[in-house]
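These notes concern the structure reproduced below.
Here, each number is a calculation from the coordinates, and none is a lab measurement. Remember, it's a predicted structure, so these values are computed and weren't measured experimentally. Backbone-built Cβ (ideal geometry, glycine too); neighbour counts: all protein chains shown.
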Amino acid sequence: MTINKNKNGSKLTLEVEGRLDTTTAPQLDAEVKASISDITELEFDFSKLEYISSAGLRVLLSAQKIMNKQGSMVIHGASDDLMEIFDVTGFIDILTIE
């Protein structure tokens with residue numbers, strides 16, 4: 001998994017590429033927690049994300065809980081396969097996915 005970070009003022013975009021699973025989720029979790037203290041807009045670009053596991057979903061849920069207190073979080077570029085995972089797990093109702 002590769003994470004490309006782009007910060008513009010109080011907006012942070014994280015472009016995640018590859019697979020977000022049990023092995024790679026801790027890397028994204030650490031990146032999110034280290035980077036969002038002064039962020040009011042968090043955006044995930046999943047246009048190059050191939051797969052997300054329950055461990056990856058937990059990272060997103062954790063980030064959403066933090067951002068609910070300090071701003072907003074949105075997910076862009078989710079493939080049909082990822083959208084199906086979000087739908088089946090109910091995350092489509094919890095997260096803002098555009």
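The H on the amide N of Ile97, modeled in the peptide plane, is under 5 Å from the matching H of Ile75, each at least 5 residues off or on a different chain. The mean sequence distance of close C-alpha pairs (under 8 Å, at least 6 residues apart), as a share of the length of the chain, puts its relative contact order at 27 percent. Placing dummy labels 7 Å off each Cα toward the beta-carbon, the span from Asp38 to Ile94 is 3.0 nm. When both bridge partners sit in segment 2-93, DSSP labels roughly 35% of those beta bridges antiparallel. Here's how it looks for Lys48: its modeled amide H is under 5 Å from those of Val16, which are all 5 or more places away or on a different chain. Non-local lysine pairs in segment 2-93, meaning eight or more places apart or on different chains, with alpha-carbon distances under 21 Å, amount to 13.
Taking 0.36 nm per residue of sequence separation and removing the Cα-Cα distance, the Asp21/Lys69 pair yields an extension gain of 14.7 nm.
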